[in-house]
1. Report the label-to-label distance for residue 36 and residue 71 in nanometres (one decimal), using points 7 Å from each Cα along the Cα→Cβ vector.
2. Report, in debye and to the nearest 20, how large the dipole of the chain comes out about its Cα centre when Lys and Arg carry +1 and Asp and Glu carry -1 on their Cβ.
3. Report, in deg cm²/dmol and to the nearest 500, the calculated mean residue ellipticity at 222 nm for the chain, where each DSSP H run with n ≥ 4 adds -39500 (n - 2.57) and the sum is divided by the residue count.
4. When the Kirkwood radius is taken over all Cα pairs of the chain, what Stokes-Einstein diffusion coefficient follows at 4 °C and 1.567 mPa s, in µm²/s?
5. Please arrange 17, 57 by counting, for each residue, the other beta carbons lying within 10 Å of its beta carbon, fewest first.
6. How many nm separate the modelled label positions at residue 99 and residue 268, each set 7 Å beyond the Cα in the direction of the Cβ?
7. Charges at C-beta only: +1 for Lys and Arg, -1 for Asp and Glu. How large is the resulting dipole of the stretch 134-230 about its Cα centre, in Debye rounded to 20?
8. Sort 163, 225, 91 by Cβ crowding within 10 Å, fewest neighbours at the top.
Amino acid sequence: MVLLNSCDAMRRLADAWQKARPGVEVVLLDLPVSRTDRSTAFFAGELSRLADALGSWGSAVTDERLAASIALYDDLASLLDDARARQRRGTLSASRMQEIMNDVSTDTPERAVASLQQLLREPEPSPSSGVPVLVFGNVLPDPEALALIESCGARVVDEDLCTGSRLISRVDAAGSGPLMYSLAAAMLSRPPCARTVTSSRPGSIAARIVDRAQAADVRGVIGHTLKFCDPYLARVPLIREALQGKDIAFLLLEGDCTLRSLGQHRTRIEAFVEMLT
């Protein structure tokens, strides 16, 4: 079991796992909260520690195997970008896109690439209707959750979710530096979640959400956060203020990763969408 020390819940999960499964090897990697040269070098060291652990478990990590894996995931990231382009055009639903992301995160990359290639060879249907919105937040992996939002008259043309577009990104490994450093830099360069701190731009998460909302030409933004997720809840006022400054409507929902908790907000979502029409 490989875990990232990204929040208190993950640290407690690592503790509980070792109690519940004492016979299973566990490695807990520390994830920096910002991207600087020093934090990238530190995280590269953590990834090297993971490689050493994998080697001791019987799966050696070599530069050749790492380079091949990076190239494969770069192909996967490009195909996902093409699929999201269909989502923005309204020819691929947000719920179907989330199904794809769930398959990508649980299947082998080879099968994921083949599945996406097959999908993208299919002709695009007519664009769907609905009020264009952006959804952002941390964890919203259930495709039915996005289907529920779209059943309320919205069309999710873009999202900024830990379980969505932030999951996989390209790795720039063309430089002359160590591959592990390139991999660390790419992972820390992904669109950050609320736990990430950009010291030079403290309010960067709000600016990014506004930029994505404007780029997608949406009429409103729906935020969904886990209950008691302090990093996101602490940044909501900044996000709300930034969206209000651009006259973009905003709705905040809180849930517990279950469809039932989101379903309780159906009336609020319907009223929000009606307000945007």
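Values quoted throughout were computed directly from the atomic coordinates according to the rules given, and no laboratory measurement underlies them. What you see is a predicted model, and the numbers here were worked out from it, not measured in a lab. Quick reminder, even Gly has a Cβ in these numbers, built from the backbone with ideal geometry, and neighbours come from all protein chains shown.
1. Taking the simple label geometry, residue 36 and residue 71 are separated by 3.6 nm.
2. That gives the chain a dipole magnitude of about 580 debye.
3. Working: 11 runs with 149 residues, N = 277.
After summing the helix terms and dividing by residue count, I get -17000 deg cm²/dmol.
4. Taking Rh from Cα pairs, D becomes 64 µm²/s.
5. Going from least to most buried by this count: 57, 17.
6. If labels sit at residue 99 and residue 268, their model points lie 2.8 nm apart.
7. 280 debye
8. Going from least to most buried by this count: 91, 163, 225.
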